[in-house]
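Below is one structure, written out as structure tokens; the observations come after it.
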Amino acid sequence: MRRYKLIVVMLLMTTLTGCIQKYEYSEDQTGAAAEYIAGLMLSYDDYNTLVSIEEIVKRQEAKAAEEAATVSPAVSQDTNSDQEVTTVNLSSPTEVVKAYTLSEVIGEKGFEVKYESYIIAD
């Protein structure tokens, strides 16, 4: 009886094991597969939402239209004179640019980069 159990176990072990096949993918195929897997994983992530290209274009067009509406010149005419007077109002908020050091950006103290040389390659 033990012999039959051993034979059955050995038979199951040999039939249920799989052989691995090595597939040779090109770099483009590997990149496409990685992009598909990343997109699939991100679609199930609650904290990350994927946005389609069409939605990005719509948002950019809406933002550009909004900026164009706020920057459009205000035209006023003087009705008391024969001359037409045009006033252009291009007041926009000035942007304050703050400079940061590399140590502040990285968050490490005493971090610095030294530039030595460069190489132009294909």
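The values are calculated or read from the model by the stated rules, or taken from the named source; none is laboratory data. These figures come from a predicted structure and were not determined experimentally. Because the Cβ atoms are built from the backbone with ideal geometry, glycine has one as well, and the counts that use them run over all protein chains shown.
Hey, among Leu6, Leu16, which residue is over 24 Å from the mean Cα position of the chain (by Cα) and surrounded by 10 or more Cβ atoms within 10 Å (Cβ to Cβ)? Outline the logic, then answer.
On the way: Leu16 fails: surrounded by 10 or more Cβ atoms within 10 Å (Cβ to Cβ).
Result: Leu6 is the single residue among Leu6, Leu16 that is over 24 Å from the mean Cα position of the chain (by Cα) and surrounded by 10 or more Cβ atoms within 10 Å (Cβ to Cβ).
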Would you mind telling me which numbered condition in (1) of a type in the set (Asp, Glu); (2) assigned to a loop (DSSP other than H, G, I, E, B); (3) modelled with pLDDT of 75 or more Glu55 fails?
-> (2)
